[in-house]
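Visitor: Handing you a structure now.
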Amino acid sequence: MDAYIDNDETQTYGPKLRENLAGAFASSAPEVVAFMTYLAKLQGAADKAMADGMAKARGAASDLSAAAGAKSPDVEAARKLLSGLHKHLGSKHDLGAWRGDIKLFFPGGLTGIGTRAPELLVALGKALEGFKKDATVPDGASLKKRVAAAEKKLRGHSVKTGGAAARARKGLSEQSAEKKAWCSCYRGIALIVEGVLTIEKRAKEVRSVVPHRAVAGGAKKAKKAKKGTGGTPPP
C-alpha cells in the first residue's frame, strides 16, 4: 500500500478514483450509482483545484527564477566594483606604484568575473583572497572593506532569491488549502467506498477501486515522509 501521496500523484490518483467509481459500482443499486456519481463530481472538483494550484506554483517558480537571474542593483554594483578594482590595479601597476600580480585578484581576468550572482560571489571571494596575500595594494585597506561589504550584500541577495525560488519550485506545500482540500475529499471518498463495498460483501475489492491502496512501496515512502520529504498520508 502506498502510504503517502505527493502533489504530482494527486493528478494520477484522483482521476483514477473517479474512473473506478463508475466501473466498480455499475451493477449496484440505483441509489448507490447516483451517490458514486456525486462523489466522482466532488473528486473532479478537488482534482481541478489542485491542478490549478500546482500550475500557479510553477508559474511563481518561473517568475522567481527569472528575477534571480536578472541584474539586480546588488549584482550590478558588485560587477562595477570588481571592474573598477581591476582598472585600479592595472593603472597602479602600469605607473609603477604597485608591483603585485593582478592574477592574485583576478585569476580569470576581467571576463572571468561573470555576470550572475553566483559567479560574482566567487570573483569577490578571489579578490578578498588577493588582498590577504598582497597587502601592498595602494588604498588596499579601503578597497578590501568595499569588496567584503559587496560580497556580504550579494550573498544575502542570493540566499533570499534562491530560497524563494526553491520554495516555489516545490509547488504547493502540504499545508496549502488546495492540498488539504484534496486529501480530505480523496480520503473521505476512500472511506465511503470501503464501507459500501463492505455492505455489498466485496470488501476485498477496495484495492482495485481506491488507487493508492493498490500501490506497493508504502514503507519506503513512509520513511521518506518521516524525514519531511514525503506527501500527506491518506487512509
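All of the numbers you see were taken from the coordinates with simple rules; none came from a lab. The structure presented is a predicted model; accordingly, all values stated were derived computationally and were not measured. Cβ atoms come from the backbone with ideal geometry, glycine included; neighbour counts cover every protein chain shown.
Visitor: Could you tell me what a quarter of the Cα convex hull surface of segment 70-169 works out to, in nm² with one decimal place?
Guide: Projected area, direction-averaged: 6.2 nm².
Visitor: What distance in nm lies between label points placed 7 Å from Cα along the C-beta direction at Q175 and T198?
Guide: 3.4 nm
Visitor: Right, here's the next one. Can you list the residues, at least 5 places off or on another chain, whose amide H is less than 5 Å from the amide H of I5, using H built in the peptide plane?
Guide: G231, T232
Visitor: Follow-up question, since we're still on this one. Between V33 and D139, with labels modelled 7 Å along Cα→Cβ, what's the label distance in nm to one decimal, could you check?
Guide: Once both label points are built, they end up 8.7 nm from each other.
Visitor: If you stretched the chain out fully between K152 and L128, how much longer would it get, using 0.36 nm times the residue separation minus the C-alpha to C-alpha distance?
Guide: Going from the current span to full extension adds 7.5 nm.
Visitor: Give, in nm to one decimal, the length gained when the segment between Q11 and A55 is fully stretched (0.36 nm per residue of separation minus the Cα-Cα distance).
Guide: So the extension gain works out to 14.6 nm.
Visitor: Please turn the phi angles of segment 45-52 into ³J(HN,Hα) values with the Karplus equation 6.51 cos²θ - 1.76 cosθ + 1.60 (θ = phi - 60°), one per residue in order, whole Hz, x for glycine and proline.
Guide: After applying 6.51 cos²θ - 1.76 cosθ + 1.60, I find 5, 5, 4, 5, 4, 5, 4, 5 Hz.
Visitor: Using the Cα centre of segment 70-169 as the reference point, and only Cβ charges (+1 on K/R, -1 on D/E), how large is the resulting charge dipole? Debye, rounded to the nearest 20.
Guide: The calculated dipole for segment 70-169 is roughly 380 debye.
Visitor: Any idea how far apart S91 and R116 come out in nm if each label point goes 7 Å out from Cα toward Cβ?
Guide: Result: 3.3 nm between the two label points.
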